[in-house]
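The next block holds one structure in the form of structure tokens; read it before the comments.
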Amino acid sequence: MALDFTYRVQVPHRPGQLARVACKIAEGEGLIGDVTTINVGRDASIREITIEVQDRDHGQRVAESLDELDGVRVIWAQDRALLRHEGGKLVVSSTEPVRTVQDMRDVYTPGVARASMAIFEDPSLAGKLTMIGRSVAICTNGTRVLGLGDVGPVASMPVMEGKAVFYHQFANVSAMPILIDTKDVDEFVRTVKLIAPGFGGIHLEDISAPECFEIERRLIEELAQPVMHDDVHGTAVVTLSAAIVACRHAGLTLEDAVVGQIGLGAAGFGIASLMLDGKAKRVIASDPNPLSHERARAKGIEIADMETVMAEADVVVATTGRAGLIKPETVRKGQVILALTNPYPEIDPEVAVKAGAAFAADGTSVNNVLGYPGIFRGALLAGAGEINLRMKLAAAEAIADLTADSDLVPDTLDPTVHERVATAVKNAAIESGVANPDRVPAGL
């Protein structure tokens, strides 16, 4: 797996010295990213240079080669991702500082007692007088983390923190990782129900299939808050949007297209289901696990082998975790190929296009960060007790409508995108009758 390493390098402060460093990096097959000047002195300057390397050994070799340059010294070299994770990515802070005795009386004793009694007498005030209404619990047991598999709840924490960062940045929603150390469905469900009163929504994340489907179903039935498994539905929303846009690029419409889904895990099943709900002409799927077939057939998804999927589908989506699974000779001229396994897709997009695909993309383009912050914000703004199909389709349509003609998805870092998704979801909740004005929180 490619890594980004950051090198703090001392370089002689003379013309051409940085160029010498850049040439040495290129000779060592490193790919230069960010360059930040830390200090400029009379005799030497210090810069931090981020370089994409093949692995840790390659990163060490680049450091050693730089040290060989006359006058150049590598002060340190570290994995950039680990640097950014030091101390974690989240803090809990107050919305207002406490500066005076009156401030203390307002936010703590005696004022806090009046807020508690107000909620006791009218529980609907909790969304207005506390953070509950604008908070989401990100619940996981770490049994299916990214492409890493079952790494356990503690090792999943960096992923949960990352999810929470985007909730705050893009949706002004406070999200708290909840690590649940059990693989037992009953125990997981009971634990979430016990902590649920403190949150306005429940985000399920990185739970293995088929347990994730049972957990989500039961929590939706038993909780008053909106519940969504992001790996199933958030990924499906963004993929449906990408498929709509990709069809435009290929001169197709989704309504007239046969969609093929390769892989029916949590993400694959969610994608295939939403493609059907999004009015795809037909959805066929393949998966070597026969346990996934019954669930798919019950939804109206046809089961076939992979060869049939590749032969008949106009749009192929792959979520198998198996790099290189799709061979170029199986690509049909004019197909849309979305090979979404990270970091290495089922087929490289350039290879797919060369083999005849009209349009191809990989998982680096289709990121569920485009979906879940706006989906949950919209649900909270509507006071919705669920995230229904109409709300998911509204989110997918909003993302597709915001995509420029030359792109597959809009800019993930554009706050306007998330605002528009939230508005579309909120309106869909109101129109579909699941909104509740009494539950709308303050401060969102």
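Tabulated data
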| quantity | calculated |
| --- | --- |
| Residues that are under 30 Å from residue 139 (Cα atoms) and not β-branched (Val, Ile, Thr), drawn from the range 231-265 | 231, 233, 234, 236, 240, 241, 242, 243, 261, 263, 264, 265 |
| Qualifying positions in the range 141-172 - of a type in the set (Ser, Thr, Tyr) and within 14 Å of the chain's Cα centre (by Cα) | 156, 167 |
| Subset of the range 376-413 (residues that are at pLDDT 95 or above, within 16 Å of the chain's Cα centre (by Cα) and not hydrophobic (A, V, I, L, M, F, W, C)) | 377, 392 |
| Residue within the range 28-40 that is part of a loop (DSSP other than H, G, I, E, B) and touching a helix residue (DSSP H, G or I) at 6+ places or on another chain (Cβ under 6 Å) present | yes |
| Within the range 320-344, considering residues that are touching a strand residue (DSSP E or B) at 6+ places or on another chain (Cβ under 7 Å) and among the hydroxyl-bearing types (Ser, Thr, Tyr), the one nearest to residue 289 (Cα to Cα) | 320 |
| Criterion (modelled with pLDDT of 95 or more, part of a strand (DSSP E or B) and under 29 Å from residue 161 (Cβ atoms)) met by exactly one of 46, 51 | 51 |
| Flag if residue 362 is within 21 Å of residue 412 (Cα to Cα) and among the charged types (D, E, K, R) | yes |
| Selected residue (only one of 431, 397, 419 is touching a helix residue (DSSP H, G or I) at 6+ places or on another chain (Cβ under 8 Å), of a type in the set (D, E, K, R) and closer than 20 Å to residue 172 by Cα) | 419 |
| Elements of type helices (runs of 4 or more DSSP H) contained in the range 92-139, each with 1 or more residues being over 19 Å from residue 376 (Cβ atoms) and among the polar types (S, T, N, Q) | 101-107, 111-121 |
| Which numbered condition residue 32 fails, given (1) surrounded by fewer than 16 Cβ atoms within 10 Å (Cβ to Cβ); (2) within 17 Å of residue 84 (Cα to Cα) | (2) |
| Counted residues, the range 280-317 - those being in contact (Cβ under 8 Å) with a residue 40 or more places away in the chain and closer than 16 Å to residue 209 by Cβ | 4 |
| Looking only at the range 40-76, and only at residues there that are over 19 Å from residue 16 (Cα atoms) and without any contact (Cβ under 8 Å) to a residue 12 or more places away in the chain, the one that is surrounded by the most Cβ atoms within 10 Å (Cβ to Cβ) | 64 |
| The range 1-39, residues that are of a type in the set (S, T, N, Q) and free of Cβ contacts under 8 Å to residues at least 12 places away in the same chain | 37, 39 |
| Filter result for residue 234 (under 30 Å from residue 439 (Cβ atoms) and either in contact with a helix residue (DSSP H, G or I) (Cβ under 8 Å, 6 or more places away or on another chain) or without any contact (Cβ under 8 Å) to a residue 40 or more places away in the chain (or both)) | yes |
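The values are calculated or read from the model by the stated rules, or taken from the named source; none is laboratory data. Just so it is clear, the structure is predicted and the values come from calculations on it, not from any experiment. Note that each Cβ is placed from the backbone with ideal geometry, even for glycine, and that neighbours are counted across all protein chains shown.
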